[in-house]
Amino acid sequence: MKSSDSSLDHLWFPFTCSQDLSDFPPRVITRGEGLYLYDREGRRYLDAIGSWWVSILGHRHPRINAAVGRQLDKLEHVLMAGFVSDAALNLSTSLAAMLPPGLTRIFYSDDGSTAVEAALKIALQYWAARGRRRTAFVSLGGGYHGDTLGAMSVGNIPAYHSLFHDTFKSQLYTDAPYCYRCPCGRNKASCNAECMESLERILAAKGETIAACVFEPMLQGAGGMRVYPAKVLNRLFAACKAYGVLTIADEVATGFGRTGKLFACEHAGVTPDIMCVAKGLTGGYLPMAATVAREEIYAEFCGDYSSNRELTHGHTFTGNPLAAAAACETLAILREEGIPQSLATKSALLASKLESCREIEEVGDVRVLGMIGALELVADRRTKRPFAPEKRIGFKLARKALDKGLLLRPLGDVVYFVPAYIITEDEICTMIDTARDSIKDALHE
Ligand SMILES: Cc1ncc(COP(=O)(O)O)c(C=O)c1O
């Protein structure tokens, strides 16, 4: 399909319907500053989703700009085998100081999906090194861990995964911790994390074959911004411990203060065996991810040449110095600004503004955790009946919002907000008021 702008004819966009692309050509962004993006026509957009969660400190942050500039003048890249840049070394020291106690070893890769791939391989190789055949994974229903095949095998969103599960590999999945539509018929008051009984059953039947349990702590992002209570994590950890199954926390979206704690697992007071981080790590500047592990896990990868124990995984750009410099500065800013503690007032305001959206009859659920907010829109609030997908309410309201200078990217009919932490209280009000107006416009179209 040819577009009116011939410069688009060579591009293949992710998660984008080609018809939409020709009906609504993408806005070409030429500049960013703080919370805002500017297109080539000079229009300004409030980036309510931090350009897919990465821009945690805002666009073109002066300190990160300067740090990347300094690194550019020294070294752009060096392989990380037999060599390491001083930037990657410095980053390991700062990141290690921030990690939950017990997580000490840092393996760099390029993005969230590859961080998950590395975690899965580490778990498999760990068990092989211990002479055990544990080759399966269990993950949470409704989870998302990236788009590479291994990461997809532990994902469980039918629209994204079913075609590929049939063709390649699918793993084991628990019930989804989707509180608004609880699979166990519980509510907030009666919940005792019953959705994790499904995990307990899987482990009772197959625990000896399972290498690890993979999960997004506290919030399932791409699955529909589903916030779930810490007790689910506590029950998950207890079950995994009972069967000696490793825990892999995918903090790609939730890490670095987003949920109101530095890492989401802290809400439940638990530390996983392996943790994946990416997205906000470089402040949104350059692709970089890390898979971090406990020392006991790393110990299984140590030995002399004949033991053949080294991790058989690596990426060309592993530990890239420019990305490491951006990440180091991002972590310094988080530390110095006391994030996430300093975000409590903004989070409370986000929550109260979103609550006020319940005045719209079609707002079925309001979910907030730290600097994450979401509204689930439904056709019938009483029965929770969703809109017919072809109504495309989420898509329509995002178009309305864009015309009002607000960048949203709803997941189906779930509208969500993950702005940069620098957002002011006035801007939070503007963001939610504009979204509320856009929802009303889309519903009444
Ligand atoms: C929880 C989670 N894991 C993994 C990924 C994949 O990250 P990336 O898109 O950087 O590969 C994402 C991306 O949204 C995510 O939300």
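The values are calculated or read from the model by the stated rules, or taken from the named source; none is laboratory data. No experiment lies behind these values; they were computed from the predicted model shown. When we count neighbours, we look across all protein chains shown, and the Cβ atoms used for this are built from the backbone with ideal geometry, even at glycine. When the accessible area is computed, the model is the full protein with side chains, heavy atoms only, and any ligands, DNA or RNA have been set aside. Shrake-Rupley method; radii C 1.70, N 1.55, O 1.52, S 1.80 Å.
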Region 357-404, residues that are touching a Leu at 6+ places or on another chain (Cβ under 8 Å) and of a type in the set (D, E): E362, D365
Near pairs, Cβ below 6 angstrom, 6+ apart or cross-chain, from region 151-178 (assigned by TED's automatic domain parsing to the domain that holds V245 and farther than 15 Å from E117 by Cβ) to any residue that is away from the ligand (no atom under 16 Å from the Cβ) and open to solvent by 40 Å² or more (accessible area, probe 1.4 Å): D175/P183
Within region 258-283, tally of residues that are farther than 16 Å from E216 by Cβ and under 13 Å from the mean Cα position of the chain (by Cα): 1
Wholly enclosed strands (runs of 3 or more DSSP E) of region 218-325 bearing at least 1 residues within 23 Å of A67 (Cα to Cα) and within 12 Å of the ligand (Cβ to nearest atom): 274-277, 289-294
Residues that are open to solvent by 30 Å² or more (accessible area, probe 1.4 Å), within 15 Å of the ligand (Cβ to nearest atom) and assigned to a helix (DSSP H, G or I), drawn from region 112-163: E117, L149, A159, Y160
Hey, T104 assigned to a helix (DSSP H, G or I), more than 14 Å from the ligand (Cβ to nearest atom) and open to solvent by 60 Å² or more (accessible area, probe 1.4 Å) or not: no
Flag if A87 is part of a helix (DSSP H, G or I), surrounded by 20 or more Cβ atoms within 10 Å (Cβ to Cβ) and either of a type outside the set (V, I, T) or on the phi < 0 side of the Ramachandran plot (or both): yes
